[in-house]
Amino acid sequence: MGESFSTYYQSPVGLLKIEGTDQYITHILFIDHIQHPPSDHHKKKMPAVIIQCIEQLIQYFQGQRRFFDFPINQDGTEFQKKVWNELVGIPFGKTISYLELSRRLGDTKVIRAAASANGKNNIVIVVPCHRVIGSKNDLVGYGGGIWRKRWLLEHEAKIMYGVQTLF
């Protein structure tokens with residue numbers, strides 16, 4: 001698997017902790033504060049994929065990027081990976097309901113399991129779990145907090161349509 005690396009990026013929606021190897025990104029998580037200040041860890045040269053990840057996140061927040069193309073690898077069950085793969089397919093600036101997500105997975109009875117897998121996503125923004133909303137267009141549950149979900153959706157809508165507020 002190789003050595004793991006982590007760093008932080010202060011985004012417009014708060015601090016993001018980015019983790020990965022020299023091959024791919026494994027985590028992008030919202031955090032409230034830096035848990036362990038880097039010791040000599042920061043002297044290690046960051047792999048190109050982590051630098052690319054930060055650069056693409058900056059471009060996303062500046063409205064210059066709509067999709068990400070660095071390699072990601074997230075541990076999970078086969079079902080969770082199927083859900084996360086569906087999330088990546090939701091176009092920038094669009095939303096789907098949890099019911100639609102379960103339909104895309106082939107079975108509306110898996111709606112709760114799909115919502116649970118959505119909530120276990122560890123690569124926020126890039127695997128856009130924020131684009132899944134309630135069936136009445138409500139902003140239900142988001143691990144990063146509803147305010148972040150609203151901010152991300154409004155950011156994308158503004159870039160797509162010049163719309164100021166959706167919710």
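The values are calculated or read from the model by the stated rules, or taken from the named source; none is laboratory data. This one's a predicted model, so the numbers in the text were calculated from it and none came from an experiment. Heads up, the Cβs are rebuilt from the backbone with ideal geometry, glycines too, and the neighbour counts pull from every protein chain shown.
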For segment 46-102, give me the residue count where each residue is of a type in the set (Asp, Glu) and within 18 Å of Asn118 (Cβ to Cβ).
4
Which residue out of Ile90, Ile96, Ile54, Ile34 is surrounded by 14 or more Cβ atoms within 10 Å (Cβ to Cβ) and more than 19 Å from Val132 (Cα to Cα)?
Ile54
Could you list all residues from segment 1-27 that are closer than 16 Å to Phe70 by Cα, of a type in the set (Asp, Glu) and either assigned to a loop (DSSP other than H, G, I, E, B) or out of contact with any Phe, Trp or Tyr (no Cβ under 8 Å at 6 or more places or on another chain) (or both)?
Asp22
Only one of (1) farther than 23 Å from Asp138 by Cα; (2) touching a residue at least 40 places away in the same chain (Cβ under 8 Å) fails for Val13. Which number is that?
(1)
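Residue by residue, here is whether (1) outside the structural domain of Ile125 (by TED's automatic domain parsing); (2) over 19 Å from Gly143 (Cα atoms) holds:
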| site | (1), (2) |
| --- | --- |
| Lys17 | yes, no |
| Thr21 | yes, yes |
| Tyr24 | yes, yes |
| Ile28 | yes, no |
| Lys44 | yes, yes |
| Ile54 | yes, yes |
| Trp84 | no, no |
Would you please name the residue that is farthest from the chain's Cα centre (by Cα), looking only at residues in segment 67-80 that are outside any loop (DSSP other than H, G, I, E, B) and surrounded by 13 or more Cβ atoms within 10 Å (Cβ to Cβ)?
Phe79
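The rows are residues; the columns are (1) charged (D, E, K, R); (2) in contact with a strand residue (DSSP E or B) (Cβ under 7 Å, 6 or more places away or on another chain); (3) at pLDDT below 95.
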| residue | (1), (2), (3) |
| --- | --- |
| Gly20 | no, yes, no |
| Gln23 | no, no, no |
| His27 | no, yes, no |
| Gly63 | no, no, yes |
If I go through segment 86-109 residue by residue, how many of them are touching a residue at least 12 places away in the same chain (Cβ under 8 Å) and not in a loop (DSSP other than H, G, I, E, B)?
10
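Given the structure, is Phe70 among the hydrophobic types (A, V, I, L, M, F, W, C), outside the structural domain of Lys149 (by TED's automatic domain parsing) and closer than 30 Å to Gln23 by Cα?
Working: among the hydrophobic types (A, V, I, L, M, F, W, C): yes; outside the structural domain of Lys149 (by TED's automatic domain parsing): yes; closer than 30 Å to Gln23 by Cα: yes.
In short, yes.
Out of curiosity, is Gln80 in contact (Cβ under 8 Å) with a residue 40 or more places away in the chain and touching a strand residue (DSSP E or B) at 6+ places or on another chain (Cβ under 9 Å)? Lay out the reasoning, then the answer.
Working: in contact (Cβ under 8 Å) with a residue 40 or more places away in the chain: yes; touching a strand residue (DSSP E or B) at 6+ places or on another chain (Cβ under 9 Å): no.
So Gln80 does not fit the description; no.
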